[in-house]
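Input: a single structure, listed below in structure tokens.
Just so it is clear, none of the values below were taken in a lab; they were calculated from the coordinates. Since the model is a prediction, treat every value here as computed from it, not as a measurement. Glycine also receives a Cβ, built like all others from the backbone with ideal geometry; neighbour counts cover every protein chain displayed.
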Amino acid sequence: MTHRFNLKHLYYFWVIAREGSIARASEVLNLAPQTLSGQMATFEEAVGTRLFERRGRRLQLTDMGQGVLRYADPMFQTASELEAYLGSSTENRTLPLAVGLSASIHKLFAYQVIEPALRTDTPITLKCQTGNPRDLLRALRSQELHVVLTDRIPPTEEGFRWHVYPLGESSISLFAAPELAARARTNFPDSLHQMPFLAKALEAPYYQQLMQWFRERGIVLHEAAEIDDSALIKVFGRAGLGVFAAPTVIRDEVCRQYQVEEIGQIDEVRDQLYGITRPAGLSHPGVAAICKQEGGL
């Protein structure tokens with residue numbers, strides 16, 4: 001049996017699925033809720049089955065609805081990108097790439113992962129947004145972002161499936177200003193006991209591993225500051241205010257940019273980076289360049 005349906009109805013379905021309710025979708029589409037409900041009923045009749053079922057105040061996709069969304073999502077994502085592309089002037093025509101960066105990840109590490117996207121044959125305009133993983137994933141789902149870089153695998157969401165790409169991992173190294181680093185290298189790691197330490201306020205997975213590593217060795221650190229920004233921690237470290245941790249993979253750049261020295265490398269503690277996309281997210285050449293790289297940085 002051949003199903004014939006209006007693409008406008010498919011678009012309405014997609015917006016409702018993205019927003020989670022008729023009320024919110026009607027605001028986005030500037031349609032009366034009653035009109036949108038009627039349009040949705042017509043679409044379901046054309047498809048031949050229910051696409052939504054009500055769960056409290058939210059609409060939950062049925063199995064068929066999830067299947068339709070898997071096709072609709074990349075269609076309208078591509079249409080949105082095409083609209084932006086055609087809307088720019090010929091001489092300035094570039095493809096936008098919106099990347100979400102979890103606040104807990106080291107930005108030099110993230111740069112190494114993003115940089116290949118800037119070397120594709122397609123001219124790209126990069127936009128980076130920093131935030132907490134929950135808000136970034138919400139923006140990704142609503143197509144405000146093309147990819148999210150984070151240090152943790154997101155929880156599964158009912159009715160939606162993320163695509164997760166391991167982008168690399170690194171051991172952790174400790175750094176400090178030259179004078180403090182020279183003291184800390186003597187009898188490392190016992191030398192770290194009671195040394196000033198610049199703590200990370202955000203719950204990065206590697207940081208929890210690092211604290212456990214210290215506890216197992218009986219090393220008690222003096223917390224000089226608690227900072228939720230990885231770049232600001234390095235600035236404080238450069239000023240000699242304490243020891244700080246960063247991925248070994250960016251060691252050379254950290255030492256050069258912040259004029260600090262490596263104290264030691266801790267292979268038992270690993271920092272991992274993941275790329276999170278929607279289904280068919282790799283259709284964007286910039287996202288493909290980011291996510292199709294070998295892990296193990």
Length gained if Arg70 through Arg58 is fully extended, taking 0.36 nm per residue and subtracting the Cα-Cα distance, is 2.4 nm
Spelling it out for Leu101: with amide H atoms placed in the peptide plane at 1.01 Å from N, the residues 5 or more places away or on another chain with amide H under 5 Å from its amide H are Gln129, Thr130, Gly131, Leu149
Burial-style ranking of 32-42, 65-75, 267-277, average other-beta-carbon count within 10 Å with highest first, yields 267-277, 65-75, 32-42
Under 5 Å from the placed amide H of Ala225, counting only residues 5+ away or on other chains, we find Phe197, Ala199
Shape descriptors of the range 7-72 over alpha-carbon atoms, Rg and Dmax in angstrom, are 10.6, 28
Expressed as a percent, the portion of alpha-carbon pairs in the range 4-147 spaced more than 27 Å apart is 36 percent
At R0 = 22 Å the Cβ-Cβ FRET efficiency linking Phe188 and His222, nearest 0.05, sits at 0.85
Here the chain gives, from Cα atoms, an Rg and Dmax in Å of 23.8, 77
